[in-house]
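Right, one structure below, let's go through it.
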Amino acid sequence: MRSHRATVGLSAGVVLSAVLIAGCGVLPAIPGPVPTDLVPSHAPVTEPTQTGNLSVDGFDAAQRMAVRIRNVGCSSLSTGSGFALDESTLITNRHVVADSADLQVSTYDGRDIAVTASSIAGLADLAVVRTAEPLPAAPVLAEDDPTTGDEVTVVGYPLGGQLTVTSGHVIGTTTDPLNENLGEVLITDAAVEPGSSGSAALDSEGRVIGVVYAKNSTGMSFVVPVSTLRAMLADDTSFVDSESCTSS
């Protein structure tokens, strides 16, 4: 019985070897024409982002309005974030643009945008940057400040890296820890990092409810509320031209 099985196995191995060896020298039959009446079994689905309103390039409106800001100083280099206010105006933090020899702005799609001027606020940690070229998109400013418990989304470039969207909630208000004369600022639990300074904080409708400017050791982030931003933009005396470190 063992001899018979061994013979069968050997024979099968020889036949298989012959087929494989012979196959190397035999051309396969030419396939027929490609069918033209096939359709996908399901329609392609575009993956939504956290804030919705996807454009054809896969970025939503909130991501398209965010910019990365690189501050080349006389003896330092730092990065921050910002967002478009209109076609040629950016909002960011005062400390993001301070003591600069050159401000370099890039958009979500990697374009470099030339800066023509920048101005800083004396009261809040806010700055306005003017650009020479049109910015991709601009958000809407909310009419009112959010309340405790409201959702918040932060869109920016933490650590000067990739465009990032983080979410959380407004957990309260406090006196500005950096400038008590500013008054109340928002506290959120949305994650931010160095480089997130100047990021827009958005509500659930994608409207700007404030500007991120700091975080504490427990990971809470601080936001200049939109009411302060609106008031300062409406006052021509709120912002003064920022000085270059080369002139000091």
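Numbers below:
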{"quantity": "Nonlocal amide H pairs with residue 60, under 5 Å, H built at 1.01 Å", "calculated": "55"}
{"quantity": "Per residue accessible area of segment 89-174, 1.4 Å probe, in Å²", "calculated": "43 Å²"}
{"quantity": "Cβ-Cβ FRET estimate between residue 184 and residue 140, R0 fixed at 22 Å, reported to 0.05", "calculated": "0.45"}
{"quantity": "Backbone HN-Hα couplings from phi across segment 212-219 [Karplus 6.51/-1.76/1.60, Hz, Gly and Pro as x]", "calculated": "5, 9, 6, 9, 10, 5, 9, x"}
{"quantity": "Residue 147 versus residue 132: modelled label distance in nm, points set 7 Å from Cα along the beta carbon direction", "calculated": "4.8 nm"}
{"quantity": "Three-way shape label, segment 123-248, alpha-carbon gyration tensor, a/c 1.5", "calculated": "rounded"}
{"quantity": "Point-to-point label distance, residue 241-residue 204, nm (Cα→Cβ direction, 7 Å offset)", "calculated": "4.6 nm"}
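The values are calculated or read from the model by the stated rules, or taken from the named source; none is laboratory data. Since the model is a prediction, treat every value here as computed from it, not as a measurement. Don't worry about glycine lacking a Cβ; one is built from the backbone with ideal geometry, like all the others, and counts go over all protein chains shown. To get the accessible areas, we keep the full protein, side chains included, count just its heavy atoms, and leave off ligands, DNA and RNA. Shrake-Rupley method; radii C 1.70, N 1.55, O 1.52, S 1.80 Å.
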